[in-house]
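**Student:** Once you've had a glance at the structure underneath, I'll fire off some questions.
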Amino acid sequence: MKLYCGIGPNSYRVRIFMAEKGIDVPRVDVDLTKGEHKTPQFLELNSLGQIPVLVLDDGTVITESIAICRYLEAVHPTPALFGSDAVSQGKVEMWNRRAEIEIFGTIGSIALHSDPMFAERLVQFPAFAETQREAVPAKWAWLDREIADGPPFIAGDQYSVADITAAVAAWLGAFFGADIPDSLVNVHHWLDRVQERPSWNA
Ligand SMILES: N[C@@H](CCC(=O)N[C@@H](CS)C(=O)NCC(=O)O)C(=O)O
């Protein structure tokens with residue numbers, strides 16, 4: 001296996017996921033700042049020109065960070081990061097989608113609509129980026145209420161891919177100056193727990 005990855009929350013999701021499972025594969029660094037993700041050779045791997053990309057030993061290509069994580073979960077089932085029984089699988093899926101749509105998506109829109117790197121990917125509306133920036137505190141406040149007095153991780157007692165998605169969203173928000181408000185202590189305590197894990201530095 002070989003992982004094409006670089007700077008950015010989606011590569012980080014896969015790298016953290018692999019670290020949690022103790023999976024170590026050769027990596028090919030793709031430098032987004034040099035446009036290495038838009039070269040003809042790279043576009044043959046992923047026609048969308050995005051990272052991460054996982055290439056299996058038989059040449060099979062898997063793109064999309066969560067699809068890569070799903071594949072890795074299937075071949076390395078423990079520790080289970082998508083839940084270990086029907087209920088926990090449902091809860092992890094629910095919370096991963098909520099983290100992705102409500103939080104990662106909102107913060108991602110700041111990046112997509114303000115960073116020159118994405119100017120060729122879509123028509124940018126900087127004013128929309130600002131509305132999304134203004135929406136971020138309320139998104140984290142929602143999560144803060146949801147996890148108040150709850151289990152240690154977003155989807156329950158076990159750390160899961162939902163924690164990874166929300167934590168890389170926090171990283172992206174900090175990068176674009178859309179930080180988690182200091183007053184949201186439940187979210188800060190949860191993020192401390194996630195960032196204390198060795199996988200965070202993967
Ligand atoms: N849905 C994809 C998104 C991948 C993505 O947007 N990756 C970013 C880096 S985090 C990228 O390659 N951006 C370059 C571009 O879109 O031109 C996934 O989950 O892997």
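The values are calculated or read from the model by the stated rules, or taken from the named source; none is laboratory data. Fair warning: this is a prediction, and the values are worked out from it, not measured in the lab. All Cβ positions, glycine included, derive from the backbone under ideal geometry; neighbour counts span all protein chains shown. Ligands, DNA and RNA are excluded from the accessible area calculation, which covers all protein heavy atoms including side chains. Shrake-Rupley method; radii C 1.70, N 1.55, O 1.52, S 1.80 Å.
**Student:** Being within 14 Å of the chain's Cα centre (by Cα) and open to solvent by less than 20 Å² (accessible area, probe 1.4 Å) is the filter; apply it to the range 60-81 and report the residue that is nearest to residue 1 (Cα to Cα). First the steps, then the outcome.
**Tutor:** As a first pass, look at the range 60-81 and keep what is within 14 Å of the chain's Cα centre (by Cα): 63-70, 81.
If we keep only those that are open to solvent by less than 20 Å² (accessible area, probe 1.4 Å) too, we end up with 65, 68-69, 81.
Details: 65: 15, 68: 11, 69: 13, 81: 20 Å.
That would be 68.
**Student:** Which of the numbered conditions does residue 196 fail, given that it passes all the others? Conditions: (1) modelled with pLDDT of 95 or more; (2) farther than 30 Å from residue 72 by Cβ; (3) open to solvent by 20 Å² or more (accessible area, probe 1.4 Å).
**Tutor:** The one condition residue 196 does not meet is (2).
**Student:** Output the number of residues of the range 141-159 satisfying the condition of being closer than 26 Å to residue 70 by Cα and touching a Leu at 6+ places or on another chain (Cβ under 9 Å).
**Tutor:** 4
**Student:** Considering only residues that are among the β-branched types (Val, Ile, Thr) and open to solvent by 20 Å² or more (accessible area, probe 1.4 Å), look in the range 26-49 and name the one that is farthest from residue 116 (Cα to Cα).
**Tutor:** Pass one, the range 26-49, residues among the β-branched types (Val, Ile, Thr): 28, 30, 33, 39.
Now restrict to residues that are open to solvent by 20 Å² or more (accessible area, probe 1.4 Å): 28, 33, 39.
Details: 28: 24, 33: 10, 39: 18 Å.
Of everything passing the filter in the range 26-49, 28 is farthest from residue 116 (Cα to Cα).
**Student:** Another question about this same structure. Taking the range 105-134 on its own, how many of its residues are among the aliphatic types (A, V, I, L, M) and surrounded by fewer than 16 Cβ atoms within 10 Å (Cβ to Cβ)? Let's see the steps before the verdict.
**Tutor:** Of the range 105-134, the ones among the aliphatic types (A, V, I, L, M) are 107, 110-112, 117, 119, 122-123, 127, 129.
Okay, now just the ones that are also surrounded by fewer than 16 Cβ atoms within 10 Å (Cβ to Cβ), so 117, 119, 122-123, 127.
Result for the range 105-134: 5.
**Student:** Separate question: Which of the following residues is surrounded by 23 or more Cβ atoms within 10 Å (Cβ to Cβ) and over 21 Å from residue 69 (Cα atoms): 170, 174, 178, 162?
**Tutor:** Values: 170 fails: over 21 Å from residue 69 (Cα atoms); 174 fails: surrounded by 23 or more Cβ atoms within 10 Å (Cβ to Cβ); 162 fails: over 21 Å from residue 69 (Cα atoms).
The unique qualifying residue is 178.
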